[in-house]
Amino acid sequence: MPTILSIKNLRKSYKGGFEALKDVSLDIEEGEIIALLGPNGAGKTTLISTICGITMPTSGTVTVAGHDIITGFRAARSMIGLVPQEIALEPFEKVINSVRFSRGLFGKPRMDGVVEDVLKRLSLWDKRNAQILELSGGMKRRVLIAKALAHEPRVLFLDEPTAGVDVELRKDMWGIVEQLRADGVTTVLTTHYIEEAEAIADRVGVINKGEILLVEDKDKLMARMGKKQLEVQLTAQLGAIPDALSGYDLTLGDGGHTLIYSYDTKSERTGITRLLKDVADAGLSLRDVVTRQSSLEDIFVTLVSEKGERDQ
């Protein structure tokens, strides 16, 4: 797929020397869903704000469908829809008028069919004549997305779109993003809900302290960095790992009731059969055996903590 958003050596510094973005480079393909993960203060919102023209970069370039965000700002910005973290809506305005207004801001002609389609896709059509103040927090989030889509952008930024909404509504929004992908819309998602990235993203980027630590296909990342663990649950508590099992890379868990063994599923031999035999030979009685695959959250925590250790 062609690249629709290209970021090259982007930096953002503030007075006093603080660098919010440090030489960020990233190419995003048309129609993909990419999730940017990072702790608070990592630079996620600064990156989005810079791309959308809310803040000026210190150096570097960004192009959207070939339009530079500085020299071709109007053309670039017209390609972008932005759903911010904060719910900033006119409380006494009707839903449909608020969405129409956003379309007009980009100089688009009035097309009630487009607005109707957006509102229906977001389950807002029945609320079109309601005032914003009458809506629930989740519905207000939907209005923000409708406003961002009103001018038919090709790239949609969702900055923590499901913060503070319930699980059911969160899954509804995942479905909306999948529909947008079918229409060829590229979605860039920042989130604290790592299961969100795990559920819908094609690629995952990890950002920390203004630097991109990696950008990789989600499935390949989990296959490359994800570990599998065997949890041997025991009937009796152990105070320490028996000497007979010292040759294995084991840790104790669950207050000494579980032996945890990490292994690589791609290896020719995992060592599990031999381990279980040696556990029995050591006189330990098994209650259960459970396997667990590392989640995206485990990988994210590992990457961020390793970055912190290198910076110390």
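Values quoted throughout were computed directly from the atomic coordinates according to the rules given, and no laboratory measurement underlies them. Bear in mind the structure is a predicted one, so any value in this text is a computation, not a measurement. Cβ placement follows ideal geometry from the backbone for every residue including glycine, while neighbour counts extend to all protein chains displayed.
A DSSP coil position with no more than 10 other Cβ atoms inside 10 Å describes the following chymotrypsin sites (Phe, Trp or Tyr not before Pro) in segment 70-178: PHE92. In segment 59-100, the alpha-carbon atoms span a convex hull of 110 Å³ per residue.
Sort SER123, SER98, SER6 by Cβ crowding within 10 Å, fewest neighbours at the top.
Details: SER123 13, SER98 19, SER6 16.
Ordered by Cβ neighbours within 10 Å, fewest first: SER123, SER6, SER98.
In the structure displayed, which of LYS171/LYS218; LYS15/LYS209; LYS12/LYS108 lie more than 24 Å apart, Cα to Cα? Exceeds cut-off: LYS12/LYS108.
The value obtained for segment 87-203, namely the Cα convex hull volume divided by the number of residues, is 101 Å³ per residue.
Label-to-label distance for GLU178 and GLU93 is 3.2 nm, based on points extended 7 Å past Cα in the beta-carbon direction.
Could you work out the Kirkwood radius for segment 1-110, taking every pair of different alpha carbons, averaging 1/r and inverting it, reported in Å? One decimal place: 15.7 Å for the Kirkwood radius.
What the Cβ-Cβ distance of GLU86 and MET56 gives, at R0 = 22 Å and to the nearest 0.05, is a FRET efficiency of 0.60. Considered as an equivalent ellipsoid built on the Cα gyration tensor, the chain has semi-axes of 46, 24, 17 Å, the largest given first. Expressed to the nearest 5 percent, the antiparallel share of DSSP beta bridges inside the chain is 70 percent.
Helical content alone sets the calculated 222 nm signal of the chain at -10000 deg cm²/dmol, taking -39,500 (n - 2.57) per DSSP H segment of four or more residues and averaging over every residue.
The label-point distance for PHE73 and ALA244, in a model that sets each label 7 Å from Cα toward Cβ, rounds to 7.4 nm. Residues of segment 69-103 with amide nitrogen under 11 Å from the 7 Å Cα-to-Cβ point of LEU133? Once the point is set 7 Å along Cα→Cβ of LEU133, 91-93 turn out to lie under 11 Å by backbone N, inside segment 69-103. Rg of the Cα atoms in segment 227-293, relative to 2.2 N^0.38 Å, amounts to 1.03.
Find the relative contact order for the chain and round it to a whole percent, using C-alpha pairs within less than 8 Å whose residues are 6+ positions apart. The partial results should precede the final answer.
Details: 546 pairs, mean separation 60.1, N = 312.
Normalised by residue count, the contact order of the chain is 19 percent.
Just subtract the alpha-carbon distance of LEU214 and LYS8 from 0.36 nm times their residue separation and send over the number in nm, one decimal.
72.7 nm
Just want the ordering: LEU133, LEU119, LEU36, from fewest to most Cβ atoms lying within 10 Å of their own Cβ. Spell out each step's value before the answer.
Working: LEU133 11, LEU119 22, LEU36 26.
Ranking LEU133, LEU119, LEU36 by Cβ neighbours within 10 Å, fewest first, gives LEU133, LEU119, LEU36.
As a rough footprinting exposure proxy, the listed residues TYR14, TYR248 were ranked by other beta carbons within 10 Å of their own, and the order from fewest upward is TYR14, TYR248.
Applying the Karplus relation 6.51 cos²θ - 1.76 cosθ + 1.60 with θ = phi - 60° to segment 108-113 yields 3J(HN,Hα) values of 7, x, 5, 9, 4, x Hz, where x marks Gly and Pro.
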